[in-house]
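*Asks:* Once you've had a glance at the structure underneath, I'll fire off some questions.
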Amino acid sequence: MIKAQILELKELLSTPKHIVIVPHKNPDGDAMGSTLGLYHYLKTYNHKATVIAPNDYPDFLKWLPGDDKVLKFETQPEDSEMLIEKADILFTLDFNAFHRAGNMAEVLENSEAIKIMIDHHQQPDDYAKYTYSDVSMSSTCEMVYNFIEMLGDTNRIDAAMATCLYVGIMTDTGSFRFPSTTSKTHQVIGNLIESGADNSQIHNNVFDSNSYSRLQLLGRAMQNLKVIPELRTAYTTLSQAELDEFNFKKGDTEGFVNYGLSLEGIIFAAIFIENKQEDIIKISLRSKGEFSVNEFSRAHFNGGGHTNAAGGRSETDMQSTIDKFISILPQYKNELSQPTNNGH
Ligand code: 5GP
Ligand code: MN
């Protein structure tokens, strides 16, 4: 973002406005952390701000400060549409194209509010008047911190804001271990702790709130794990029947895909999760090093994301989705068999 735009935004935000803040569908820690972090910031200027999530999100995020004020478009469409209609400003956070907001896409597209995008996904659309897009960033939460910093307002960061922003940086960096974690990321985290984020408690709230059935479901996903050593790939599956057997709740499969990557020598991991209600197979892809799962997903599975973390979907059944996946892999033989600088 250039200086002139920052000055314009500072002016725009200097008097109270009606503001709606939207994360992507199936919001994760970064989506909810960034929208709620920004929400608390805007409140310090007495804006009438509301976070509207396209749909529900996992329980392990439901303790975030301000969670009780979040509207869900899926279950509260009238209230949501009214607020979007009235909005002077619309922030879209942690996504790069309207379709990532699911059923909310059309309402957002038709909104006449001034649109501001803050996001770190690749290939952003250009619908926003103000776009702060940086794919090198660890998380949208780190960008919201930078945004507040650019506006000269880090002194306004209170414990609620700091807690929300900490959550998204923590979850999007795999607890500060992915290569997107920079010294600046750690400096931001240090500042957030000084502003009141209780780091140990936050880790506890997000990661140590497992149900017994979730751990059993993880066990099943690990039993289903398959390895293709010559292509340094590991993948696993969960059918709808397996999800039902272990009383699946939203968010329960979060992070399962990463276990494949923890196998020595593996640089590409995938999980295929059946969703009978939507009649799709939801796919999560992760990689280490140069191999771009964003490009892989865009090319074959109608999705996208980042170089090392992407999602996608398949409209066919589980077996044919897996067959397709396996048949595509050899096209990437060169990239998948090359050594990486990640210790493997
Ligand atoms: P996850 O596998 O955790 O659902 O998503 C990994 C990353 O890919 C996240 O940054 C997420 O926003 C992005 N992503 C997930 N699913 C899709 C999709 O269907 N399309 C696009 N463009 N990005 C996705
Ligand atoms: Mn993110």
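*Asks:* Using 17 Å as the cut-off for backbone N distance, which residues of the stretch 213-254 belong to the label zone defined by a point 7 Å from the Cα of residue 319 along Cα→Cβ?
*Replies:* Answer for the stretch 213-254: 237-242.
*Asks:* Now for a separate question. So what J values fall out for the stretch 251-264 if you push phi through Karplus, 6.51 cos²θ - 1.76 cosθ + 1.60 with θ = phi - 60°, rounded to Hz, Gly and Pro as x?
*Replies:* Rounded to whole hertz, the list is x, 4, 8, 3, x, 4, 4, 5, 4, x, 5, 7, 5, 4.
*Asks:* Karplus couplings for the stretch 7-13 from phi (6.51 cos²θ - 1.76 cosθ + 1.60, θ = phi - 60°), rounded to Hz, Gly and Pro as x?
*Replies:* Computed from phi, the couplings for the stretch 7-13 are 5, 4, 5, 4, 5, 4, 8 Hz.
*Asks:* What is the distance in Å between the Cα centres of the stretch 230-263 and the stretch 145-211?
*Replies:* Cα centroid to Cα centroid, the span is 27 Å.
*Asks:* Once you mark the GluC sites (Glu not before Pro) that are in a DSSP loop and have at most 13 other Cβ atoms within 10 Å, what is the longest gap between them in the chain? Display every interim value, and only then the final one.
*Replies:* Values: sites that count: 112, 264, 278, 290, 315.
No qualifying site falls inside 113-263, the longest such stretch.
*Asks:* Hey, got the dipole for the stretch 213-337? About the Cα centre, +1 on K and R Cβ, -1 on D and E Cβ, debye to the nearest 20?
*Replies:* Details: 14 positive and 16 negative charges, 48 e Å.
Computed charge dipole of the stretch 213-337: roughly 240 debye.
*Asks:* A follow-up question, please. Separation of the stretch 1-62 and the stretch 272-339 by C-alpha centroid, Å?
*Replies:* 31 Å
*Asks:* So what's the stretch 254-344 giving for Cα Rg divided by 2.2 N^0.38 Å, two decimals?
*Replies:* Numbers: Rg = 12.8 Å, N = 91, 2.2 N^0.38 = 12.2 Å.
So the Cα radius of gyration is 1.05 times the expected 2.2 N^0.38 Å.
*Asks:* Can you give me the angle between helix 29-43 and the longest principal axis of the chain, using Cα atoms only, in degrees from 0 to 90, rounded to the nearest 10?
*Replies:* 0 degrees
*Asks:* How high is the relative contact order of the chain, in percent, with contacts defined as C-alpha pairs under 8 Å that are six or more residues apart?
*Replies:* Taking the mean separation of contacting Cα pairs over the length of the chain, I get 12 percent.
*Asks:* Quickly estimate the mean residue ellipticity at 222 nm for the chain, helices only: each DSSP H run with n ≥ 4 gives -39500 (n - 2.57), and the total goes over all residues, rounded to 500. Don't jump to the answer; show the numbers that get you there.
*Replies:* Working: 14 runs with 135 residues, N = 344.
About -11500 deg cm²/dmol.
*Asks:* So, one more: I'd like the antiparallel share, as a percent to the nearest 5, of DSSP beta bridges with both residues in the chain.
*Replies:* Details: 19 of 44 bridges.
Taking every DSSP beta bridge with both residues in the chain, the antiparallel ones total about 45 percent.
*Asks:* Which semi-axis lengths, in whole Å and largest first, follow from the square roots of five times the eigenvalues of the Cα gyration tensor of the chain?
*Replies:* After scaling each eigenvalue by five and taking roots: 34, 22, 20 Å.
*Asks:* State which entries of 17/184; 25/250; 48/72; 25/62; 69/276; 276/333 exceed 23 angstrom in Cα-Cα distance in the structure shown.
*Replies:* Exceeds cut-off: 17/184; 69/276; 276/333.
*Asks:* Which loop-located chymotrypsin sites (Phe, Trp or Tyr not before Pro) does the stretch 1-87 contain, where loop means any DSSP state but H, G, I, E or B and the Cβ has at most 12 other Cβ atoms within 10 Å?
*Replies:* none
*Asks:* Right, here's the next one. Which of 318, 82 has the fewest other C-beta atoms within 10 Å, and how do the rest follow up to the most?
*Replies:* Fewest-to-most ranking of 318, 82: 82, 318.
*Asks:* Between residue 299 and residue 175, what is the FRET efficiency for a Förster distance of 25 Å, r being their Cβ-Cβ separation, to the nearest 0.05?
*Replies:* It comes out at approximately 0.25.
*Asks:* Subtract the Cα-Cα distance of residue 244 and residue 125 from 0.36 nm times their separation in residues, and report this length gain in nm to one decimal.
*Replies:* Values: separation 119, 0.36 × 119 = 42.84 nm, distance 3.71 nm.
Stretched fully, the residue 244-residue 125 segment lengthens by 39.1 nm.
Computed from the coordinates by the stated procedures, all read-outs in this text should not be read as laboratory data. Treat the numbers as computed from the prediction; the structure is a model and nothing was measured. Heads up, the Cβs are rebuilt from the backbone with ideal geometry, glycines too, and the neighbour counts pull from every protein chain shown.
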